[in-house]
Each structure stands twice: as structure tokens, then as C-alpha cells.
Amino acid sequence: MSYFFSEIEQQQYLDDGFVFRESQFSQEEIISFRKIFEATVEKAHSISDTGKEYFLDKKRFVDIDYLTLQYEPEPHDKYLKVIEPAHYLHDGLDDITSDSRITDPIKSILSTNEISLWTDKLNLKRPKVGSGFGWHQDSPYWVHDSEDVESLPNVYICLDNADQSNGCFSVIKGSHKLGCLPGTFDNSQLGGFYTDKDYFNIADAVDLVASEGSLIFFNQHIVHGSTPNNSDQERRAYIVTYQPKDRAMLKSRKVKNIKIV
Ligand SMILES: O=C(O)CCC(=O)C(=O)O
């Protein structure tokens, strides 16, 4: 079975900057993914004390070797928000990143059969405490470290049903065509990473209401974000970014080619 993009999807990716595939994994697989996700979170908590703590805009971060843990802002600063890169903490994540339902469409986007990992992260967004992600692009974070920022497609794997109430993923349709956009200037430390709202059209925002097991393939330049999780439901996501084979990963500068299955 292969899962490459159809011509229509290929065109959609070019035109809109994303392709949404509903319910790609079975209930059993989702349960197994969640177990891996939560074991990874537990592992991250268990080693957090060994890392170097710092604060940016009052948000707490911990670096442990190549790993960065980002915590929710106060008063929820005991809760993890993001773990990146996550695959160091659990071997089970390797099976997910090499699953052909995920990698075939990435191969379609990159027009190559051989790919490697750029980075991967777990976004936790816990019930009632999970904060949002302001509108931003990923490319400005990566442009100085990647040898080719044009070749870094992402996939967002939905581990829970998500809608507006728990902060589903949202994109500005078509904004990937604008390339790397200017950040905001508000004297904060992280402001430069949020996209200046004068450079995109908020009317083009699409909330990607998704059921668990859905996949969202999205371009590294697309402006995206999400609102806080004010509900009592989880909204967990695993986001993986790929590149052509034999290229160094974002943080470690090691190469992690994806095995061909
Ligand atoms: O998890 C989300 O809703 C957004 C994540 C995101 O924008 C990011 O990790 O760059």
C-alpha cells in the first residue's frame, strides 16, 4: 500500500500550503501512540532537573544536551508545553516517523524517495492549562541552520479530536507563498518569532477541526498557530519535519535517515 499524494493533493499543497488527511490511523494505533507520547513526557519530566533552566519572556525552558523542554507560563509552569526533539526520549517514536502514511506524502512533497529527519516535537496543550501558539512561521526559526529552508515539510499528527474548544491547529491558507515574513517588534525576547500581522490576511485563517489520527501536511513558510485549550479534553500533537536524505538534524547536527519500509 502506498500513500503518495494524488495530483490534486500535490496541487493543493502548492496552492494552499497544506493538505489535510482525515483519520489515517486506527483506534488501536492511536492508543499506542498516546502511550508512547505519555511515556516520552514522563521521561522528559524525570530528566528535567539535570538540565539548564532559563526564562524567555517569563516562560520557562530547560535544555538537556540537544533537547529543549518548554513549560507553560505561570501559574501552570509545572506543565510541559513542548518537547523538542522528542525522538531521543523514546524509540517508539522512530516507528511513527518512518510510517509510510506519513513519509509517502512527504516524499511526494520533496520529490525524492530518500528522506531524513530535521526535527520532531511533542506539543502537549493539556486540558485547561495548555496555552496557545501565536501566529508564526517555522522557516524564520530554521533559516540560519538549514542548508535549504525550502525543503523542510512538516506533518502534524493529531493524537486527539481537536476543534476550537481545545485549540485545534489553524493556518493562514496560501501564506506560504509569501516566503519568510518579518516578525513583530515589541521589545519582548520572543516577539521576533511571531509574524507581523500586517503581512498576512487573517481572513484567510482556516481552523483545521480534526479527528484523532488525522494528518496535516504543511509548508514550512505557512503562517500557523492555535488558541489555548480551555476545555477538559486533551489536545496532543506530534509534529515531525523532514528533509532530503543525509542532511544534519536541527539541534544535534547528526544525520538520521528514515529507513525505507
Ligand atoms: O500545536 C499547535 O497547535 C501549534 C504548534 C506550532 O505552531 C508549532 O509547534 O510550531
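The values are calculated or read from the model by the stated rules, or taken from the named source; none is laboratory data. If you're wondering where the values come from, they're calculated on a predicted model, not measured in any experiment. Using ideal geometry, Cβ is built from the backbone for each residue, glycine included, and neighbour counts are taken over all protein chains shown. For accessibility, only protein heavy atoms count, side chains too; no ligands or nucleic acids. Shrake-Rupley method; radii C 1.70, N 1.55, O 1.52, S 1.80 Å.
Here are a few things to note about the model shown:
- Sorted largest first by accessible area at a 1.4 angstrom probe radius, with every protein chain in place, the residues Ile258, Ile202 fall in the order Ile202, Ile258.
- Taking Phe20, Phe193, Phe55 as the candidate residues, the one with maximal mean-square fluctuation in a Gaussian network model of the chain, Cα springs under 10 Å, is Phe55.
- With the simple model of a label 7 Å out from the Cα in the direction of the Cβ, Asn257 to Glu53 spans 4.3 nm.
- Note on Ala39 and Lys245: their simple-model spin labels are 2.9 nm apart, each label 7 Å out from Cα toward Cβ.
- Between Ser226, Ser131, Ser165, the GNM of the chain built on Cα springs shorter than 10 angstrom shows Ser165 fluctuating the most.
- Computed over the chain, the ratio Rg/Rh where both radii use C-alpha atoms and Rh is Kirkwood: 0.93
- Each Lys and Arg adds +1 at its Cβ and each Asp and Glu adds -1 at its Cβ; summed about the Cα centre, region 25-70 shows a dipole of about 160 debye.
- Cα centroid separation - region 1-42 against region 136-211, whole Å: 18 Å
- Its Cα gyration tensor gives region 210-261 an equivalent ellipsoid. The semi-axes, each the square root of 5 times an eigenvalue, are 28, 14, 12 Å from largest down.
- Assigned charges on the beta-carbon of Lys, Arg, Asp, Glu; region 1-108 dipole about Cα centre (debye): 300 debye
- Kirkwood Rh, Cα atoms: Rg over Rh of region 1-144: 0.99
- Taken about its Cα centre, region 7-243 carries a charge dipole of roughly 620 debye when the Cβ of each Lys and Arg holds +1 and the Cβ of each Asp and Glu holds -1.
- Packing-based ranking of 69-77, 234-242, 5-13 yields 234-242, 69-77, 5-13, ordered from highest to lowest mean Cβ neighbour count within 10 Å.
- Packing around the peptides 177-186, 80-89, taken as the average count of other Cβ atoms within 10 Å per residue, puts them in this order, highest first: 80-89, 177-186.
- Carbon/sulfur fraction of accessible area - the chain, other protein chains in place, 1.4 Å, %: 49 percent
- At a probe radius of 1.4 angstrom, the accessible area of the chain per residue rounds to 46 square angstrom.
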